[in-house]
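K.L.:
Right, I'll just put the structure down here and ask away after.
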Amino acid sequence: MELLQRLLYTALSAASIIYFIVKASLSHWKRRGILHEKPRFLVGNLGGVGGKRHISAVLEQLYEKYKGQAPFIGCYAYLKPMVLVLDLDLVRNVLITHSEHFKERGVFGNAPHDPLSANLLQQDGADWQRLNTVVCPAFAQDNISQMLPTLEKVASTMHRSLRQVSEDAAVSVNNLVDCYNIDVISTLAFGISGETLLNSDTEFRRMARSYLKDFNMFRLYFLMYFPNVARLLRYKNYEQAATDYFLKLVRQKLFEQEWSRLDKRNSFFHMFAELKRDRDPKRRLSDEEIAAQAFSFILMGLETCNSAMTFCLYELALQPDLQRRVQEEICNVLKRNENGMDSKNLNDMNLLRQCLNETLRKHTPYSFLLRNTNEDYEVPNSIFMLRPDNHLVIPIAAIHHDPVLYPEPNKFDPERFSKENSKRRHPMAFLPYGAGPRYCLAQKFAENQMLVGLGTLLRDYSFSPCRETPIPLVYDNKRLVLTPKDKLKLNVQRR
Ligand code: HEM
């Protein structure tokens, strides 16, 4: 009986302590006198995320409720106080003008025990600075132009794979573009010829997809609150089998030293491999670092390009007249200049590019950007001060759906991205790739990859809705990158 009583007291005391810690954490913004959204016990303002709601919907609701009232508000990611930036001038200050105050992103990485996390996204401070200086030149326009013939080759394999589909058949578009993007990555980032378009169940694809994990509240809590414990416990973001596979692949390729016989600008892999031999030890990359840079194409470039290409084809399928105009433009450009998908031709495909931008606006793959403050920052024209280690969220998908910036935001209207209309908007009104020193360094490459893929498909095929096409679209709330909930099927017809 006494034992039971003691157990009861202990449980009650533990529950009270937890209750007061949670209450104290969730009163952070109230204590600082900052406008904030009232949090719910334990979940803060993220209730339902990963289940009933997508994170982008939650951020959009907060943005719409508070925009115009203050340059930023306080909110809570579970118990963690976060700063939600609402004002576009403040967005510009954080990302560009005063970016020296906001150098870090604070995404968990554990390079010593999880080598694939030694990528730019998961690095901060001096490690990021060094990697950025070394890796950035690989993404220069000149190098990307040299890779266009390879992109065109992979795209023509995708084109051929559709020929086997019977006339008027429904095709899972997300599966098709996933195979294309996987083959682009294996060829250009890992230096091996991709075969996923010929045999969809390749080991490379299986390993690449194994990093995708469903939204897990407890994992997020753990990494947000105890990053040092996670490091001490050797926590890994990526499955050991995938790490072993990619490391082995990269080491094997480096060993074969194929790259030394090829023009170094033929692929990203060859450019990264060159850095293994750099005379300057600060610039020299280890095998693990090379594997991590190649892996960042999977981490950052696979789901994003899949999302944008899939939703672009979906929107065009729903607007046959617009699709016809895009197809005519592609054919006219390719007829005028018979150099295939070279830089000039891609540049001339204005309407296709506008459709891609409108897709990135309407279905923004990453709905927010993250920054941490490294020192006190006085918010211009206000009495507010941001403190070191404040976590900032910039809700780009919400900005992309702001009806003041984009009237009728749910309408797919590529005219919004004509040169004249783009110039009229605030420069921070369109940020699918971020901005400032931590922006997506692969933006130009990703655009080319998607334009070549879409251009090759639309030149000869037309897409239209079928019985299984979801109208309206349903997103998968478990995924961080905006993705359709199920297979997105469309009818495909040869033109
Ligand atoms: C539709 C395609 C893509 C979209 C929408 C996209 C979007 C983004 C966004 C929003 C960020 C964060 C930017 C910021 O915080 O300001 C980012 C960073 C990054 N992206 Fe992309 N991305 C795409 C394709 C790619 C591809 C193909 C790669 C291939 C390497 C890539 C590599 C990276 C890397 C390494 C970073 C981290 C940069 C740093 O912190 O220095 N992305 N991307």
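Read the figures in this text as sums done on the coordinates, not as results from a lab. Since this is a predicted model, take the numbers as computed values, not measurements. No Cβ is skipped: glycine too gets one built from the backbone with ideal geometry, and neighbour counts run over all protein chains shown.
K.L.:
Given charges of +1 on the Cβ of Lys and Arg and -1 on the Cβ of Asp and Glu, with all other atoms neutral, how large is the dipole of segment 32-494 about its Cα centre, in debye to the nearest 20?
P.N.:
Rounded to the nearest 20 debye, it is 480 debye.
K.L.:
Shifting gears a bit: Starting from the Cα gyration tensor of segment 32-494, take the square roots of the eigenvalues, sort them a ≥ b ≥ c, and report rounded, prolate or oblate (rounded when a/c is under 1.5, otherwise prolate if a/b is larger than b/c, else oblate).
P.N.:
Cα axes put segment 32-494 in the oblate bin.
K.L.:
Treating the angle as unsigned and between 0 and 90°, give the value, to the nearest 10°, between the Cα long axis of helix 141-163 and the longest Cα principal axis of the chain.
P.N.:
Roughly 70 degrees between the two axes.
K.L.:
Compute the relative contact order of the chain as a whole-number percentage, counting only Cα pairs closer than 8 Å that sit 6 or more residues apart in sequence.
P.N.:
23 percent
K.L.:
Once the dipole of segment 339-476 is set up with Lys and Arg at +1 and Asp and Glu at -1 on Cβ about the Cα centre, which of VAL393, ASN410, PRO380 lies farthest towards its positive end?
P.N.:
Value computed over the given set: ASN410.
K.L.:
If the limit is 29 Å between Cα atoms, which of LYS103/LYS282; LYS67/LYS411; LYS344/LYS489; LYS30/LYS411; LYS65/LYS411 go over it?
P.N.:
LYS344/LYS489; LYS30/LYS411
K.L.:
If each DSSP helix of 4+ residues adds -39,500 (n - 2.57) and the sum is divided by the residues in the chain, what number results at 222 nm, nearest 500 deg cm²/dmol?
P.N.:
-15000 deg cm²/dmol
K.L.:
If you don't mind, there's one more thing I want to ask. Counting only DSSP beta bridges with both residues in the chain, what percent are antiparallel, rounded to the nearest 5?
P.N.:
85 percent
K.L.:
Please give every one of the aspartates and glutamates within straight-line cross-link reach of LYS419, meaning a C-alpha to C-alpha distance under 15 Å, and leave out same-chain neighbours fewer than 8 residues apart.
P.N.:
ASP348, GLU358
K.L.:
What ranking of VAL173, VAL184 emerges when the number of other C-beta atoms within 10 Å of each C-beta is taken as an exposure proxy, fewest first?
P.N.:
By the 10 Å Cβ count, ascending: VAL173, VAL184.
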